[in-house]
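S.K.: Right, I'll just put the structure down here and ask away after.
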Amino acid sequence: MFYMAQIEQVTLDEILTRADIVDVVGQYVTLKRTGAHYKGLCPFHGEKTPSFIVSPDKQIYKCFGCGAGGNVFSFLMNYQQQHFAEVVRDLARQYGIQIRETEVDSQEEQLRVVLRKINQEANLFFQACL
Ligand code: ZN
């Protein structure tokens with residue numbers, strides 16, 4: 001499905017401010033506090049010793065076993081196998097945040113597609129030159 005509306009940055013910022021990563025990840029992973037961080041068993045690979053770290057200060061997670069890492073958006077996208085827009089909508093609903101969207105100008109979108117194509121061609125060209 002092709003979205004003609006783009007979620008505004010201000011909405012994403014508000015979600016990131018309100019949706020605490022410890023709360024969000026804590027709904028799916030049992031987290032234990034260790035100093036400034038939280039630790040738990042990584043949901044993205046099988047392990048018996050916790051190497052999955054959540055930082056409330058930075059609002060990010062990182063697994064030192066499999067290398068998975070990111071913020072609330074990437075956690076839910078990977079954990080629930082959802083698209084970015086779906087994750088944003090779910091979190092906005094959960095935290096009572098109104099989503100603000102910008103209509104994407106179709107000409108601008110077309111231009112982006114054209115530019116992407118030019119870049120691809122340029123890459124192929126330079127690879128062939130090497
Ligand atoms: Zn992992």
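S.K.: Nearest 500 deg cm²/dmol is fine: what mean residue ellipticity at 222 nm does the chain get from its DSSP H runs of n ≥ 4 alone, each adding -39,500 (n - 2.57), divided by its residue count? Kindly include the intermediate steps, with their values, before the conclusion.
M.R.: Values: 5 runs with 60 residues, N = 130.
Value at 222 nm, helices only, nearest 500: -14500 deg cm²/dmol.
S.K.: In sequence order, what are the phi-derived ³J(HN,Hα) couplings for the range 65-78 according to the Karplus relation 6.51 cos²θ - 1.76 cosθ + 1.60 with θ = phi - 60°, rounded to whole Hz, with x for glycine and proline?
M.R.: Each residue's phi maps through the Karplus curve to give x, 10, x, 4, x, x, 10, 4, 5, 5, 4, 5, 4, 6 Hz.
S.K.: Restrict the search to the range 16-54; then list the chymotrypsin sites (Phe, Trp or Tyr not before Pro) that DSSP places in a loop and that have at most 14 other Cβ atoms within 10 Å of their Cβ.
M.R.: Working: sites: Tyr28, Tyr38, Phe44, Phe52; in loops: Tyr28, Phe44.
For chymotrypsin sites (Phe, Trp or Tyr not before Pro) across the range 16-54 that sit outside H, G, I, E and B with at most 14 neighbouring Cβ atoms in 10 Å, the list reads Tyr28.
S.K.: Sequence-distant or interchain residues sharing an amide H contact under 5 Å with Ile60, placed H: which?
M.R.: Amide H neighbours of Ile60, under 5 Å, 5+ apart: Ser55.
S.K.: Here's a follow-up. With unit charges on the beta carbon (Lys/Arg positive, Asp/Glu negative), name the residue among Gln27, Gln59, His37 whose Cα is farthest towards the positive pole of the charge dipole of the range 16-62.
M.R.: Among Gln27, Gln59, His37, the one farthest towards the positive end of the dipole of the range 16-62 is His37.
S.K.: A follow-up question, please. Relative contact order for the chain using alpha-carbon pairs under 8 Å, separation at least 6, rounded to a whole percent?
M.R.: Values: 149 pairs, mean separation 33.8, N = 130.
Answer for the chain is 26 percent.
S.K.: Placing unit charges on C-beta atoms (Lys and Arg positive, Asp and Glu negative, everything else neutral), compute the dipole magnitude of the chain about its Cα centre in debye, rounded to 20.
M.R.: My answer is approximately 680 debye.
S.K.: On to the next question. Enumerate the lysines that Lys58 could reach by cross-link, defined here as Cα to Cα under 28 Å, with residues fewer than 8 away along the same chain left out.
M.R.: Candidates past the 8-residue exclusion: Lys32, Lys39, Lys48.
S.K.: Separate question: Pick from Ala36, Ala68, Ala19: which residue has the top mean-square fluctuation in a GNM of the chain where Cα pairs under 10 Å get a spring?
M.R.: Largest GNM mean-square fluctuation: Ala36.
S.K.: Go through the range 36-130 and name the trypsin sites (Lys or Arg not before Pro) that are in a DSSP coil and have 12 or fewer other Cβ atoms within 10 Å of their Cβ. Walk me through the numbers before you get to the answer.
M.R.: Numbers: sites: Lys39, Lys48, Lys58, Lys62, Arg89, Arg93, Arg100, Arg112, Arg116, Lys117; in loops: Lys48, Lys58, Arg100.
Filter output for the range 36-130: Lys48, Lys58.
S.K.: Ok, one more. Collect residues whose amide H, placed 1.01 Å from N in the peptide plane, falls under 5 Å from the amide H of Ala68; neighbours closer than 5 in sequence don't count.
M.R.: Cys63
Read the figures in this text as sums done on the coordinates, not as results from a lab. It should be emphasised that the depicted structure is a prediction, and the values quoted were computed from it without experimental measurement. No Cβ is skipped: glycine too gets one built from the backbone with ideal geometry, and neighbour counts run over all protein chains shown.
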